C-alpha cells in the first residue's frame, strides 16, 4: 500500500531536535554530575527519571506481554495484527528504561556490578535481573520481523546468508519465549510495587498496602491493551494502517474488566485496613488519589462499557488515553507525590531532567517510525509479501 | 553481642564537639553555610556532615525547654538500606554497625529513599558520587576504640556499650528521675530496634524525630520477595496449561472429547 508522505517530515525533524538537545544535556550531566544538572537532593533522591522513565516506562511497556499472552497463549488470533507493534514498543520501552538508568545512576559505569554482587533479598535486584532478561526476550520475540526483512533483501553480503534458519529457530522457541516473557513481567511489574513496601513510614497510607505488588501487576495488565490502542491509533494516523474496530473494542473491553478488578481490590484493601475514610479526610493526598482513580479507572470503565463508545474509534482512543494518564498519575503518586520528602527539602524537576526524559521518548518514537518504514510490522503485510 | 550508644539529651550541652570529631576522624571538609541566627550549624546533615546537633526551643508541660538532639545513622537492627541495596553494599555487622562499601555501590540511591530516618546522603556535587552516612566508626571499633563522637563528648551525654546494658541503664535513669525524662527510649523498639538509643525530657516527635512504628520496615518486603519462587513456577505452569488447553481445543476436527482422546492415542 502506497502512502503519500509530506515532502518535509516535520515530525521527524522535531523529534530529532529533541533527541539532539537531550544528547547535549546528557553530556553535561556526565561532566558536571547529578547535583549540577538535576534538582534531586538528599531529601528527594529519586526524581523525574525514576518516576517517569522507570515507574511509568515499565508499566506502559506492559502491552508487550499482555498482547503476546492474548495472541500466543490464549489463542485470540484476532489480535495478531497488533502483537508485533506491541512487542516492538515494549522492547523500546525497556531499552528506554535502561538508558534512563544509565543517566540516573550515580555510577552508571559500574552498572555491571549487580551481576556479581547479589542481594537476593532486594526487590530492586529482582527488578534488575528481570528487566535485563526480559529486554533480551523481547528482542528475540521481535527478531522475526528483522529476519523476515533481511531474507527478502537483495544486498551482496546479506543475501548469501539464509535468514530463514534463525527465523525457524525463533519460531520453534516462540511459545517458551512468550511464557518466559509473561513470567518475567509478572515478577518485575509487581516487584516495582514491592520496592515501595520498604517505605511504610513515608508512603501515604492511601497507597501503602502489603498488596501493593498485586495492585501494580493489575494496573500494568490493564494499561497494556490501552497503551496498544493508543499507539496503534497514533501510528495509523501516520502510516495509514487502520486497526479493526472489533480489535479496538475488544481491547477496550479487556481493559475495562481488569480495571474493574483493580478498583475492587483497591477498595476492599482500604476497607480491610480500615483506612477507607482517608479518601475523604486525608487532604490534600486524597485529591491525588481521587485524581488517579477517576481519570484512570472509573471514567474508562464507564466509557468502555458504553456500546456507543465501543463503536467509535475516536472515543475508544480517548478512553485509552484516560487509562494511560491515570496510570502515569498513579505511578507519580506512589513514587513521588505521596512519598514524604525529608523535612526542609523541596523538589521540582530541573529542565535538564525534562530534556533527557523527552529525548528518550522522542528517540523511541523515531525508532518506531523507522521500524514502520523498514520492517514488516503487521502480519497481513508479511503474508502479502510472502505470497506476492 | 551488638554494641550501641545511649544519647541522653538532658546531659547534652550542644557544644558540637561530636560534629568536629566526626569530621576529623572521617577527614571531611567544612561546609560553607549562611548565618541563620542560631548556633545550630550546618542546617542539615550531608555527605560531608555525618552527624550534627539539632537545637530545639520548645514548650512542654507549660515549661520552656532547650533540648539538643544528635542526628546520625541509627544503625537499625533490621536496616531498610541493607535490605534495599541490590548489590549488598550495606551490611549490618554482628557488632551492630551498618556499614557501606564503595566497591559495590552503583549509585541507585534506593537506600536514601528507603531509610525511615532519612539518613544516607549523596555526594551530589561530585561527578563520581558515593553515598555517605555514619559508619558507627566501625573501623575504630574494630581497633578497640570507641566511636569518635563518644570519645570526645565532654559531658557523658553519649555512652557507648552493649546495647542490652544501655537499655537497662536507660530504664534505670528514667525510673530514678520520673520528672526529668519522658518514659520512652527512642530506638528500643522503633522499626524493630536500633543500635542508637535516645533519652529526652520531651516527647520525641517534638524534637522532630520521625514517628515510626515498632515493626521492622523490611517485613512486607521480605514477604513479597519470598513469594517470588512460587509465583515464578506458578505463572509458568498456568500459562503452559492454558496454552495446552487452547491448542487442544483449536485442533481441527477435535470438537468433542472422545474423538480427541482417540487422536492422542493413535500414535501409541
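The values are calculated or read from the model by the stated rules, or taken from the named source; none is laboratory data. Just so we're clear, the structure is a prediction, and the values are computed from it rather than from any experiment. Neighbour counts run over all protein chains shown; Cβ positions are idealised from the backbone, glycine included.
Taking the conditions exactly as written (facing chain A (nearest Cβ under 9 Å) and either in contact with a helix residue (DSSP H, G or I) (Cβ under 7 Å, 6 or more places away or on another chain) or modelled with pLDDT of 95 or more (or both)), does residue B:228 satisfy them or not?
Yes: the conditions hold for residue B:228.
When restricted to residues that are under 30 Å from residue A:283 (Cα atoms) and either outside the structural domain of residue A:332 (by TED's automatic domain parsing) or buried (at least 21 other Cβ atoms within 10 Å of the Cβ) (or both), segment A:151-202 contains 13. Only one of the listed residues (A:17, A:71) is surrounded by fewer than 17 Cβ atoms within 10 Å (Cβ to Cβ) and more than 30 Å from residue B:117 (Cα to Cα). That residue is A:17. Set side by side, the residues A:136, A:167, A:124 differ, and just one is assigned to a helix (DSSP H, G or I) and free of Cβ contacts under 8 Å to residues at least 12 places away in the same chain, which is A:136.
For residue B:95, are the conditions met, namely being under 17 Å from residue B:162 (Cα atoms) and touching a helix residue (DSSP H, G or I) at 6+ places or on another chain (Cβ under 7 Å)? Yes; evaluated as a whole, the condition is true for this residue.
For every residue, the table says whether it meets (1) in contact (Cβ under 8 Å) with a residue 60 or more places away in the chain; (2) in the same structural domain as residue A:245 (by TED's automatic domain parsing); (3) within 24 Å of the chain's Cα centre (by Cα).
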residue	(1), (2), (3)
A:270	yes, yes, no
A:275	yes, yes, no
A:282	yes, yes, no
A:285	yes, yes, no
A:299	no, yes, yes
A:307	no, yes, no
A:321	yes, yes, yes
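In summary, strands (runs of 3 or more DSSP E) completely within segment B:1-104 and bearing 3 or more residues that are in contact with a strand residue (DSSP E or B) (Cβ under 7 Å, 6 or more places away or on another chain) and touching a residue at least 40 places away in the same chain (Cβ under 8 Å) occur at B:3-8, B:52-60, B:63-71.
Of all residues in segment B:35-48, none satisfies being away from every other protein chain (no Cβ under 14 Å) and under 22 Å from the mean Cα position of the chain (by Cα). Select the helices (runs of 4 or more DSSP H) contained entirely in segment B:106-198, then report the ones holding at least 1 residues which are over 30 Å from residue A:31 (Cβ atoms). The qualifying helices (runs of 4 or more DSSP H) are B:138-142, B:148-152, B:163-176.
What number of residues within segment A:236-246 satisfy the criterion of being out of contact with any helix residue (DSSP H, G or I) (no Cβ under 6 Å at 6 or more places or on another chain) and at negative phi?
Total meeting the criteria: 7.
Residues considered: A:211, A:179. Of these, the only one that is farther than 25 Å from residue A:101 by Cα, at the interface with another protein chain (Cβ under 8 Å from one of its Cβ atoms) and at pLDDT 95 or above is A:179. The residues of segment B:126-158 that are surrounded by fewer than 16 Cβ atoms within 10 Å (Cβ to Cβ) and within 24 Å of residue B:1 (Cα to Cα), listed by number, are B:139, B:142, B:143, B:144, B:145, B:156.
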